[in-house]
Amino acid sequence: MPTTLEPNPTEIASDALPVPKGAKRMTRRKFLRRLIAAGAAVGAGSIYATQVEPFWVQYHELDVPIANLPTSFDGFRIAQLTDLHAGDSVPIDFLSRVIDRVNQLNPDCIVVTGDLVTHDPKAVEPVCQLLARLRSPVYVTFGNHDYCPWNAMPGPVRIISDALESKLKPAGCVVMRNQPSALHRGKDRIWLVGLEDLYTNRFFPAVAFAGVPDDEPKICLSHNPDSVDDLLPYKPDLILSGHTHGGQIRLPLWGAIKLPTSNKHLDQGWFQLPHGRLYVSRGVGFLARVRFDCRPEIPVFRLTRQT
C-alpha cells in the first residue's frame, strides 16, 4: 500500500525559499525586499526616461577643421537645431526655453535641419513664431515630417512645408530647398547648401550644388543621413543631419534599439567621409516622449582653418 507522506510542519512554517543544492539560501523577506527595490528602480528609470532626459538638453561646442577656410571665418560658430517636432508631443514651452538658450549662446548663424513639426498643421504657426525669435541669421531646410499634405481650407491640397515656408520667410529666415546660400565676411565667403528631404521626390543635389565653386568651403544641410552617398560627389566639407534622434533609447553595449535609416551605423555624432565629415545630431524633440542614454542636443560648430 502506498505510503502517504505527512507534511513537515517545520518546513511549512519556514521563511526560506527552496534553492538548488549548494546555492545560498534566500529568505522570503529578503526576496521581497529585492523585488520591491527592483520595482522601485524600474519605476525611477521610467520616470527619468519619460520626464527628465527628454528635456535635459546638452549644449556643446565642437571644433571643425575646414580646408581652404578663409581667415575671416576662422572661429565662425554655427548652431544646429533639428527635429523640433513641435506639436502635441513636444511642449511649446520646452522649445521656447531652447530658443532662449540658443540666443544666449550667440552663434554667428543657426541652421535648422528639418522636422520642425510632426505632420501637424496646427503647429506651423507656433514653431514659426519661435524661430522668428532667434537673433542670429537662420537657415532652414525641411525633414520628412514637414511634407505631409493637408486641407486647412477649401481648395487645393497644401503641403505643410509650403505653409512653413510662407511663415518663415516673412520672419527673416532663409528657407533652402535644393539651393545654396553664400555667407560673406568682407570679400571672403563660404557656402551653405540646403537639400529637400531624401524621402520626397524633391531631393535634387545637382540642383542644390549648381554654381557652387568646388574649391570653396561647403556646408551641406540634409535632414536624413542616408543621403550622404548622394552628396559625396559634391565634396561638402561638412554635412549636418538629424532624423535619427540618436535612437532615443540606447542600451549599454548595444546602442540604439531602433533607427529610421537604412545605414544603421549612422546613428549619432561624427562620421569621417572620403572628403569632409558628417555630423548626425540627436535633435531636440521626440516622437514618443522617451529618451534613455540619448539626451537631446544643440551642437555648436566652431569652424577652424585646417592645418
* Asked: G283: in contact with an Asp or Glu (Cβ under 6 Å, 6 or more places away or on another chain) and modelled with pLDDT of 95 or more, yes or no?
  -> yes
* For the stretch 222-243, state whether one or more residues are in contact with an Asp or Glu (Cβ under 9 Å, 6 or more places away or on another chain) and either without any contact (Cβ under 8 Å) to a residue 12 or more places away in the chain or β-branched (V, I, T) (or both). => no
* To do: Might you check whether a residue that is surrounded by fewer than 17 Cβ atoms within 10 Å (Cβ to Cβ) and in contact with a Ser or Thr (Cβ under 9 Å, 6 or more places away or on another chain) occurs anywhere in the stretch 215-236?
  => yes
* Asked: Does the stretch 146-157 include one or more residues that are surrounded by 14 or more Cβ atoms within 10 Å (Cβ to Cβ), touching a Leu at 6+ places or on another chain (Cβ under 6 Å) and of a type in the set (A, V, I, L, M, F, W, C)?
  -> no
* **Complete set of residues in the stretch 282-307 that are under 15 Å from L62 (Cα atoms) and either touching a His at 6+ places or on another chain (Cβ under 9 Å) or not hydroxyl-bearing (S, T, Y) (or both)** => R282, E297, I298, P299, V300, F301, R302, L303, R305, Q306
* To do: For R295, indicate whether it is under 10 Å from the mean Cα position of the chain (by Cα) and of a type in the set (K, R).
  => yes
* Residues in the stretch 109-144 that are under 15 Å from V193 (Cα atoms), part of a strand (DSSP E or B) and in contact with a Gly (Cβ under 6 Å, 6 or more places away or on another chain): how many? -> 2
* Does T71 satisfy the criteria of being at pLDDT 95 or above, out of contact with any Ser or Thr (no Cβ under 8 Å at 6 or more places or on another chain) and over 15 Å from Q129 (Cβ atoms)? -> yes
* For V228, are the conditions met, namely being touching a Lys or Arg at 6+ places or on another chain (Cβ under 6 Å), modelled with pLDDT of 95 or more and not in a loop (DSSP other than H, G, I, E, B)? -> no
* **Extreme residue, surrounded by the most Cβ atoms within 10 Å (Cβ to Cβ), among residues of the stretch 83-99 that are in contact with a Leu (Cβ under 8 Å, 6 or more places away or on another chain) and farther than 14 Å from A288 by Cβ** => L84
* Asked: Has the stretch 37-57 got at least one residue that is at pLDDT 95 or above, of a type in the set (S, T, Y) and surrounded by 12 or more Cβ atoms within 10 Å (Cβ to Cβ)?
  -> no
* Structure fact -> Among residues of the stretch 55-78 being among the aromatic types (F, W, Y) and not in a strand (DSSP E or B), the residue nearest to L95 (Cα to Cα) is F55
* To do: For the stretch 102-123, indicate whether the set of residues that are more than 20 Å from the chain's Cα centre (by Cα) and of a type in the set (A, V, I, L, M) is non-empty.
  => no
* Structure fact -> Y199 fails exactly one of (1) assigned to a loop (DSSP other than H, G, I, E, B); (2) surrounded by fewer than 17 Cβ atoms within 10 Å (Cβ to Cβ), namely (2)
* Does at least one position in the stretch 100-115 carry a residue that is surrounded by fewer than 22 Cβ atoms within 10 Å (Cβ to Cβ), closer than 15 Å to C173 by Cβ and of a type in the set (A, V, I, L, M)? -> no
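The values are calculated or read from the model by the stated rules, or taken from the named source; none is laboratory data. In this text, all values refer to a predicted model and were calculated from it rather than measured experimentally. Glycine also receives a Cβ, built like all others from the backbone with ideal geometry; neighbour counts cover every protein chain displayed.
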